[in-house]
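So the structure is just underneath, and the comments pick up after that.
Since every read-out is calculated from the coordinates, none of them should be taken as a lab result. Remember, it's a predicted structure, so these values are computed and weren't measured experimentally. Every residue, glycine as well, gets a Cβ built from its backbone with ideal geometry; the counts of neighbours run over all protein chains shown.
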Amino acid sequence: MLFKSTRSTQQATESAAQVIKQGLANDGGLFVPESIPALTEEEIKVLCGDSYPVRAAKILSKFLGDYTYEELLEDCEKAYSESSFVGGAAPMVNIHDNLESLELWHGPTAAFKDMALQIMPRLLSRALVKTGEKRTALILVATSGDTGKAALEGYKDVDGIKIMVFYPVDGVSRVQKLQMATQTGSNVNVCAIRGNFDDAQNGVKAIFGDKAMADALNEKGYFFSSANSINWGRLAPQIVYYVSAYCDLLNAGKCKMGDSFNVCVPTGNFGNIFAAYLAKLMGLPIGKLICASNSNNILTDFLRTGTYDRNRDFYLTMSPSMDILISSNLERLLYFVAGSEKTASYMEDLKNKGVYSVEADVLAEIQKNFIGYYTDEKETAATIKATFEKYNYLADTHTAVAIHAAEAYVAESGDKAPMVIDSTASPYKFANNVYLAVVGKDAPSELEALDELEKATNTKIPYPLSGLAERKVNFTKTVDKSEMANAVLEYLNA
Ligand SMILES: *Cc1c(COP(=O)(O)O)cnc(C)c1O
């Protein structure tokens, strides 16, 4: 199985190890596999009896031809171990009727990024060996909170890699700051900067683009790499939980082999929902893919009109991981539906004008599979409250956006197939807003919101977020935004 760029008409030439190491294609496109491997009913039957790590190794091995099954199984068993994902990697919990919540947040940072970031670093570590790389990869991350912590947990103590995370000193929540400052691991570093998230991001970009810095690193035996969500190594592991969900539906007798089910995904960068589409292309009987957005409803508009227009207001919402106006992974869908030439021209329009439109036949093909809904702030809070009061299910803000979208779709379409809703974060990750939605008043403080939510709802704080205030702080450094490159060199020299 070889890979090519979404924007290239050339034949596929790159191995999985190479694309995981490289991240982005040279022409700025995203890597896609040359063909989609099939998943047969016979295989699904066998997967039904397998554990999550075995399901993951079997699905991944279809896409990562230069990794052996034994390598993948070893990595998956470590990534999705019972100690990291307490109670299992992707358990499905019934909300009501045939609405199922696929809980993707039982990992070490209590949000769904763990599903990919626990395995991707191990795949990268092997990719370095497979491509003959002698240097150590240095992962630099700028974060507004959640991605940084998930990356730290994923890369910690992985061979051949070091990671350094920058965050805006006043731009993350107290819980997020504590999560990062108390990080453990022999190959990790965390640094606050005086500046905002854009400063952190621009600083990292400047370091990546600095030739003198690359030379200095090279001499020390390092090269830069990124943990970006457009990396194929982050996307492929997300296919697994859709297959796993179907197996769990079959095992629970909620559908018969061959019956289809729908999925509803709270969407930002379009990575998670695109993984569901890949699962469908492989042969998993998914009916509709419901794309749920918050007030930043650029994808809802696109899926309904065929025009993607980022010239619009940007809103800060209570589901911040979906506050996005550029859904990078949508490019992969465009490639599969419209081909590389059209994709390259849409992306050119997006770059130059901030807007592109797809042709009527392309839109019609997309709409066969996808439908978009959005949920505003009031509806999100009301959904959290109603879902808890009626069904005793406590949803986080992102999951609530999806529950509302799924309910809207079912009401509009009358579709009776089982509906799997991706639950992407623990409600405790956004305890302030969840508490406010359920109880109707603010918690005394952000940290106390966790305990208060526990008392008010009789649920339990997940292990990654409990006792945060008592953990040992390992990182206290703050630097000016102009000092980021020096901070990197200091870390490597230490
Ligand atoms: C990242 C994230 C999302 C959005 O996922 P995409 O792959 O970017 O569409 C949704 N919810 C949470 C909690 C997230 O962290």
statement: Rg (one decimal) and Dmax (whole number) from the Cα set of region 359-494, in Å, equal 21.0, 62
- prompt: Can you list the residues, at least 5 places off or on another chain, whose amide H is less than 5 Å from the amide H of ASN187, using H built in the peptide plane?
  reply: ASP157
task: Only Lys, Arg, Asp and Glu count, each charged at its Cβ (+1, +1, -1, -1), so figure out the dipole size of region 52-172 about its Cα centre, rounded to 20 debye.
output: 480 debye
task: Mind putting a number on the dipole of the chain about its Cα centre? Charges go on the C-beta only, +1 for Lys and Arg and -1 for Asp and Glu, and I need it in Debye to the nearest 20.
output: 560 debye
- request: Quick one: dipole size for region 272-398, taken about the Cα centre, charges +1 on Lys/Arg Cβ and -1 on Asp/Glu Cβ, in debye to the nearest 20.
  value: 260 debye
message: Please report the net charge: other residues with Cβ closer than 13 Å to the Cβ of THR397, K and R +1, D and E -1.
response: -3
- prompt: Once phi is turned into ³J(HN,Hα) by the Karplus curve 6.51 cos²θ - 1.76 cosθ + 1.60 with θ = phi - 60°, what whole-Hz value does each residue of region 78-90 show in order, with x for glycine and proline?
  reply: 6, 5, 9, 5, 5, 7, 7, 10, 5, x, x, 6, 9
message: With the cut-off at 1.5 for a/c, could you classify region 171-213 from its C-alpha gyration tensor as rounded, prolate or oblate?
response: oblate
- request: Give the Rg/Rh ratio for region 100-185, taking Rg as the radius of gyration of the Cα atoms and Rh as the Kirkwood radius, to two decimals.
  value: 1.02
message: Using each residue's phi in region 273-289, evaluate 6.51 cos²θ - 1.76 cosθ + 1.60 at θ = phi - 60° and report the 3J(HN,Hα) Karplus result to the nearest Hz, with x for Gly and Pro.
response: 6, 5, 4, 5, 5, 4, 4, 5, 4, 5, x, 5, x, 8, x, 9, 10
task: Identify all aspartates and glutamates with a Cα-Cα distance to LYS45 below 16 Å; exclude those on the same chain that are fewer than 8 residues away in sequence.
output: ASP248, ASP259
query: Which of the lysines could a cross-linker bridge to LYS441, judged by Cα under 16 Å and excluding same-chain residues fewer than eight apart?
result: LYS378, LYS385, LYS455
query: Where does the charge balance sit around THR40 when Lys and Arg score +1, Asp and Glu -1, over other residues with C-beta under 13 Å from its C-beta?
result: 0
message: Run lengths n ≥ 4 of DSSP H only: what is the helix-derived mean residue ellipticity at 222 nm for the chain, with -39500 (n - 2.57) per run over all residues, to the nearest 500?
response: -14000 deg cm²/dmol
- prompt: Under a straight-distance cross-link criterion of Cα-Cα below 22 Å, which lysines are reachable from LYS353, leaving out those fewer than 8 residues away in the same chain?
  reply: LYS342
- request: Averaging over all projection directions, find the projected area of the Cα convex hull of the chain and quote it in nm² with one decimal place.
  value: 21.8 nm²
Ranked by how many other beta carbons lie within 10 Å on average, peptides 454-465, 250-261 from highest: 454-465, 250-261
query: Tell me, Kirkwood radius of region 216-331 from alpha-carbon pair distances, in Å?
result: 16.3 Å
field: For region 145-278: rounded, prolate or oblate by the Cα gyration tensor [a/c cutoff 1.5]
entry: prolate
Descending semi-axes in whole angstrom, ellipsoid equivalent of region 1-52, from the Cα gyration tensor: 30, 13, 8
task: With a/c under 1.5 counting as rounded, go ahead and sort region 199-239 into rounded, prolate or oblate using the C-alpha gyration tensor (a ≥ b ≥ c being the square roots of the eigenvalues; past the cut-off, prolate if a/b is larger than b/c, else oblate).
output: oblate
- prompt: So, counting K/R as plus one and D/E as minus one, what does the shell of residues with Cβ under 12 Å around GLY221 add up to?
  reply: +2
task: Taking H placed 1.01 Å from N in the peptide plane, check which residues at least 5 places from ILE193 or on another chain put their amide H under 5 Å from its amide H.
output: TYR167, VAL169, VAL479
Ratio Rg/Rh, restricted to region 18-132 and using Cα atoms, in which Rh is the Kirkwood radius: 1.00
- prompt: Looking at this model, which pairs from LYS177/LYS205; LYS130/LYS220; LYS280/LYS460; LYS113/LYS156; LYS205/LYS477 are more than 26 angstrom apart at the alpha-carbon?
  reply: LYS280/LYS460
query: With point charges of +1 on the Cβ of Lys and Arg and -1 on the Cβ of Asp and Glu, referenced to the Cα centre of the chain, which listed residue (LEU39, ALA57, ALA214) lies farthest in the positive direction of the dipole?
result: ALA214
